[in-house]
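The values are calculated or read from the model by the stated rules, or taken from the named source; none is laboratory data. From a predicted model like this one, the values you see are computed outputs, not experimental measurements. Virtual Cβ from ideal backbone geometry, glycine too; neighbours counted across all protein chains shown. Surface accessibility is based on the protein's heavy atoms, side chains included, excluding ligands, DNA and RNA. Shrake-Rupley method; radii C 1.70, N 1.55, O 1.52, S 1.80 Å.
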Amino acid sequence: NNHWTTLTEKVFISIGSNLDPEKNIDKVKIHLDSHFEVTYSSIYKTPAEGFSGQDFLNLVCSFETNFDPLGLRSFLKEIEKKMGRTPSQKGMSSRVIDLDLILYGNLIEKTDQLDIPSKDIEKYNFVLEPLCELAGDAIHPELKISYREIKDQIIWLFIFPPVYLLSQLLILRPL
């Protein structure tokens, strides 16, 4: 497989760094801009989660590509490597750069190599918030609701969990 498709797909990538993050975000933008016409969200500052480390800078970007999902994933891993990311910089640890494919058109693919749409969309505000900025009204391929609605439901769930859960039970009750 040459990792190219004849049609372009709109993709969304989450970007994060907590090692010299300003410099590395600028650097990764140069890499991406030299290959694609990229739209970037604002940059969000997030405390390291699950380990002690510098704050992360996070954002989401989108562009059209002819890469198939695995080809794009390899391309992103190559950029990470060029920028100095090492195999030890994974999981809950500091990193030079983190590039994750979170959406590939309306594709749903859950394999060892791909998690599309990424579960990080619902799991982390630093992914969902910038994604809403770029595509708040777009529909999540699996959940079939907009990213803005996902964000609103999560906020509702945190503020009033008992009320939210009760409302869900009432909605789901057979007549």
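Checked against (1) touching a residue at least 12 places away in the same chain (Cβ under 8 Å); (2) open to solvent by 20 Å² or more (accessible area, probe 1.4 Å); (3) out of contact with any helix residue (DSSP H, G or I) (no Cβ under 7 Å at 6 or more places or on another chain), residue 80 passes all but a single condition, namely (2).
How about region 4-42: which of its residues are assigned to a loop (DSSP other than H, G, I, E, B) and either more than 23 Å from residue 70 (Cβ to Cβ) or open to solvent by 60 Å² or more (accessible area, probe 1.4 Å) (or both)?
Applying the first criterion (assigned to a loop (DSSP other than H, G, I, E, B)) to region 4-42 yields 18-20, 34-38, 41-42.
The answer is 18, 19, 20, 34, 35, 37, 41, 42.
Given the structure, is residue 144 among the basic types (Lys, Arg), open to solvent by 70 Å² or more (accessible area, probe 1.4 Å) and not in a helix (DSSP H, G or I)? Talk me through it step by step, then tell me what you get.
Values: among the basic types (Lys, Arg): yes; open to solvent by 70 Å² or more (accessible area, probe 1.4 Å): yes; not in a helix (DSSP H, G or I): yes.
Yes.
Where residues in region 87-121 are closer than 23 Å to residue 47 by Cβ and β-branched (Val, Ile, Thr), which of them is modelled with the highest pLDDT? Within region 87-121, the match that is modelled with the highest pLDDT is 102. Pairs linking a residue in region 127-154 that is in contact (Cβ under 8 Å) with a residue 40 or more places away in the chain to a residue that is part of a helix (DSSP H, G or I) and not basic (Lys, Arg), with Cβ atoms under 8 Å and 6 or more positions apart or on different chains, are 127/120; 127/121; 131/121; 131/147; 135/147.
For region 18-62, the tally of residues that are more than 28 Å from residue 8 (Cβ to Cβ) and among the hydrophobic types (A, V, I, L, M, F, W, C) stands at 5. Can you pull out the residues in region 121-130 that are in contact with a strand residue (DSSP E or B) (Cβ under 7 Å, 6 or more places away or on another chain) and more than 16 Å from residue 98 (Cα to Cα)? Scanning region 121-130 gives a single hit, 129. Note on region 59-75: among residues that are small (Gly, Ala, Ser) and open to solvent by less than 10 Å² (accessible area, probe 1.4 Å), the one that is farthest from residue 132 (Cα to Cα) is 71. For region 43-69, a tally of residues being under 16 Å from the mean Cα position of the chain (by Cα) and either in a helix (DSSP H, G or I) or farther than 15 Å from residue 126 by Cα (or both) returns 4.
For the subset of region 44-58 comprising residues that are in contact (Cβ under 8 Å) with a residue 40 or more places away in the chain and not polar (S, T, N, Q), which member is surrounded by the most Cβ atoms within 10 Å (Cβ to Cβ)?
Checking each candidate, the answer is 56.
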